[in-house]
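For reference, the structure is listed below as structure tokens.
What follows draws every value from the coordinates through simple rules; no lab data is involved. It should be emphasised that the depicted structure is a prediction, and the values quoted were computed from it without experimental measurement. Virtual Cβ from ideal backbone geometry, glycine too; neighbours counted across all protein chains shown.
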Amino acid sequence: MSRDEIYQTHTTARQNLYRLSLIRGVVLLGQIVALIYFTAVRPIGLPVGSIGIVLAIYASVTAATLQRSRLNVPIADREFFIHLLVDIIFFSMLLYFSGGASNPFISYYLIPISIAAIALPRYYTTAIALVALAAYSLLLAYHVPVMAIAPSQQGHTMGANNLHILGMWANFAVSAAIISYFVSRIATALKLQQQKIAEQRESQLQDEQLLAVGTLAAGTAHELGTPLNTMKLIIDEMLLQKTADHSADLSLLSQQIDQCRTTLKQLQTTAEQSISKDFPTQSLRSYFDPLLERWQLMRPKLKARISYADCDGPTPILRFHPTIAQSILNLLNNAADASPQSVEVRISWTENSVEMLIRDRGLGMDPANIDSIGKPFFSSKAEGLGLGLFLSQSTVTRFGGTVSLQDITEGGTLTTITLPADLSQNSGVSD
């Protein structure tokens, strides 16, 4: 889970606790008004002292909960569950001193059950429902009778077994079960739907960023063609002069310019293949050998140790989207930038997937910037554009693969690329 998602979860939990505090305040105010009315206006024999003490404690708990909801401290599901249990306990105490199960406000037990069904996992909701039902059942037998609200049958006040009271209990049990099951399922479905909408929005935003970067790359590639051709002509003329002191350097420059021109040509080819969705099938070696050779030509001074794992079973036949190669090159170049002297590359496979491990011996990831790694336009390199890792992760993830980075204890960073052998099975390349 990303930091933004965690923040949203904590923010929602704090809002739920704040709303619970408001509900407590409304209930508390109603109980105080009822106590005053049935004591001063229409006395019905309530134990005012006991109820007053319970209400005072409940008011203190409500104030503390309101203050807790304002603190920037994560609120776990267990804590919210305990808050609902506290509500049930206090309300049960109030009902105990005011007629028990015969009190008309007994149905308030459905409120914490409903809140739990909306805000908490199903097992917490079930626990809240069972506790409320147990409290209701105990209040049938154990309570301080209030004659004004006690049901009577044949002129006698019934303490617990009155059919009306038992009918109310049965109705409560059915209502609690329905709320716990159906409301909980509806709330879960809504949360999943909201999560999918958030993921779709994030994916859409990422696609828009990729489109913007792709448009910029296409324009830049077009603009680079002319200066590269000019430099190539000048260097070729200088090579014809056979200046011994600089011939080696000029040859290297000519080779690098050829590589740049090849890259631009490859960009055009990649675009054409992406439009036609005609991705050639290749063996593992025929795909990775030219790719790694091309990388080494780009990094002539780098000592790269490349190896293929001795995996059991036949090597898979690959069908990769053409942008995957550029993504792999970006990650290889990142490793070479971090460790210009030595980079280790190891390729392994299973029947349906390929894994590439890239180990550099650089300084590793800066803990201060770890949350920004992989975001567009962030780079730890002085002259970096901040697009290589972002584009690579976005492309690989889009076609069903993964890219992960982790620090190594001995020093450096290990980059792991995992790809399905056949990317045509993923939605990113479907017709």
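Here the translational diffusion coefficient of the range 3-203 follows from Stokes-Einstein with Rh set to the Kirkwood radius across Cα pairs; for 37 °C and 0.692 mPa s it amounts to 178 µm²/s. Legend: calculated FRET efficiency, Val48 to Gln406, from the Cβ-Cβ distance at R0 = 51 Å, rounded to 0.05, equals 0.20. Relative protection proxy for 331-337, 142-148, 106-112, from highest mean packing down: 331-337, 106-112, 142-148 (other beta-carbon atoms within 10 angstrom).
Label sites at Ala304 and Ala56, each approximated as a point 7 angstrom past Cα along Cα to Cβ, lie 7.9 nm apart. Modelled spin-label separation between Ala248 and Arg185, with each label point placed 7 Å from Cα along the Cα-to-Cβ direction: 7.7 nm. Please find the FRET efficiency linking Ala173 to Arg122, where r is the Cβ-Cβ separation and R0 is fixed at 22 Å, and quote it to the nearest 0.05. FRET efficiency, Ala173 to Arg122: 0.80. Highest mean packing comes first when the peptides 61-69, 293-301, 190-198 are listed by Cβ atoms within 10 Å, giving 61-69, 293-301, 190-198.
Maximal additional length on extending the Glu293-Ser348 stretch stands at 18.0 nm, based on 0.36 nm per residue less the C-alpha distance.
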